[in-house]
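One structure is given below, encoded as structure tokens.
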Amino acid sequence: MKKIILFLSSIFIALVVFIVHCNYEVVSASRGRTYDNIENLPYNRVGVVLGTSKYIVGGGLNRYYENRMKAARDLFFRGKVDYLLVSGDNALIEYNEPMRMKKSLVKLGVPEEKIYLDYAGFRTLDSVVRAREVFGLERFTVISQKFHNERAIYIGEKFGIDIVAYNAENPNKTRIKRREVLARVKACLDVSILNTQPKFLGDRIYIGEEEDN
């Protein structure tokens, strides 16, 4: 019995150590690269808006979504980005995150031709890696809440992508922190052990090519 208890205790300790390590890796990778103050944010040609549902379960607007849209609008009109790439889930016919984000941004005044859609941003890893592999972005600005931005920067660093991020307002810090612990462990496993790649890639899409020509 003592051996079993010792074995289970060892596993538990190892898991705790790994969780702490993953969080440390994410925080370290993103240190000095997330911005709350728009004035201090460096310019990048493209801002990548990470998707989430527009509505919460049971109805009502998702404040995480609303705040990301407002943050993206602010970056565009303050000249911190020239284009916005909205990246999200489009796995179901009735659920289209990128199109919803585009419609919201247009309502906020962003010109339609300045918005590009990534329909295969199923996970943060997909959004980050596809931004380079499909849309040709070696460096860009991520737009989401800070906890999400830190993870996106960490993933980008592991893939050799230069990312800074603008932090949209976070409506509920306590609730998200619990979920983010597991998300960071998954990200750590994906990039350090499993060598996870995006679910889909595809043909190259050039952002702003028409205007550049």
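Readers should treat all values here as calculations from the given coordinates under stated rules, not as data from a laboratory. Model, not experiment: these values are computed from the prediction. Methodologically, a virtual Cβ is constructed for each residue, glycine included, from the backbone with ideal geometry; neighbour enumeration extends over all protein chains shown.
If you keep only loop residues by DSSP, which trypsin sites (Lys or Arg not before Pro) in region 18-117 have at most 11 other Cβ atoms within 10 Å of their Cβ?
On the way: sites: Arg31, Arg33, Arg45, Lys54, Arg63, Arg68, Lys70, Arg73, Arg78, Lys80, Arg100, Lys102, Lys103, Lys107, Lys114; in loops: Arg31, Arg33, Arg45, Lys54, Arg78, Lys80.
Answer in residue order: Arg31.
Sort Arg204, Arg184, Arg151 by Cβ crowding within 10 Å, fewest neighbours at the top.
Working: Arg204 9, Arg184 22, Arg151 28.
By the 10 Å Cβ count, ascending, the order reads Arg204, Arg184, Arg151.
Roughly how big is region 33-212's charge dipole about its Cα centre, with Cβ charges of +1 (Lys, Arg) and -1 (Asp, Glu), in debye to the nearest 20?
Numbers: 30 positive and 25 negative charges, 197 e Å.
It comes to approximately 940 debye.
Taking the number of other C-beta atoms within 10 Å as the exposure measure, put Thr141, Thr52 in order starting with the fewest.
On the way: Thr141 25, Thr52 18.
Lowest to highest Cβ neighbour count: Thr52, Thr141.
Given Lys146/Lys199; Lys80/Lys186; Lys70/Lys199; Lys54/Lys102; Lys54/Lys114; Lys80/Lys146, which pairs have Cα atoms separated by over 23 Å? Intermediate values should be presented prior to the final figure.
Values: Lys146/Lys199 25 Å; Lys80/Lys186 31 Å; Lys70/Lys199 29 Å; Lys54/Lys102 12 Å; Lys54/Lys114 21 Å; Lys80/Lys146 18 Å.
Flagged as over cut-off: Lys146/Lys199; Lys80/Lys186; Lys70/Lys199.
Can you tally the net charge around Val110? Count Lys and Arg as +1, Asp and Glu as -1, for every other residue whose Cβ sits under 10 Å from the Cβ of Val110.
Details: positive: Arg73, Lys102, Lys107, Lys114; negative: Glu112, Glu113.
Combined, the nearby Lys, Arg, Asp and Glu give +2.
So what J values fall out for region 7-23 if you push phi through Karplus, 6.51 cos²θ - 1.76 cosθ + 1.60 with θ = phi - 60°, rounded to Hz, Gly and Pro as x?
4, 5, 5, 5, 5, 4, 4, 4, 5, 4, 4, 5, 4, 5, 4, 4, 4
Which whole-number percent is the relative contact order of the chain (Cα, under 8 Å, 6+ apart)?
On the way: 335 pairs, mean separation 54.1, N = 213.
The normalised contact order for the chain reaches 25 percent.
Farthest toward the dipole's positive end in the chain, which of Asn149, Val110, Met69, given Cβ charges of +1 (Lys, Arg) and -1 (Asp, Glu) about the Cα centre?
Among Asn149, Val110, Met69, the one farthest towards the positive end of the dipole of the chain is Asn149.
For Val81, what charge total do you get from the other residues with a beta carbon under 11 Å from its beta carbon, if Lys and Arg give +1 and Asp and Glu give -1?
Details: positive: Arg45, Arg73, Arg78, Lys80, Lys114; negative: Asp74, Asp82.
For residues surrounding Val81, the net value is +3.
Once the Cβ-Cβ distance between Val106 and Asp74 is put in as r, and R0 is 22 Å, what FRET efficiency do you end up with, to the nearest 0.05? Mind showing how you got there, number by number?
Numbers: r = 15 Å, r/R0 = 0.70.
Efficiency, from the Cβ-Cβ distance: 0.90.
Once you've got the GNM for the chain with C-alpha springs shorter than 10 Å, pick whichever of Ile115, Ile153, Ile11 has the biggest mean-square fluctuation.
Looking only at Ile115, Ile153, Ile11, the biggest GNM fluctuation is shown by Ile11.
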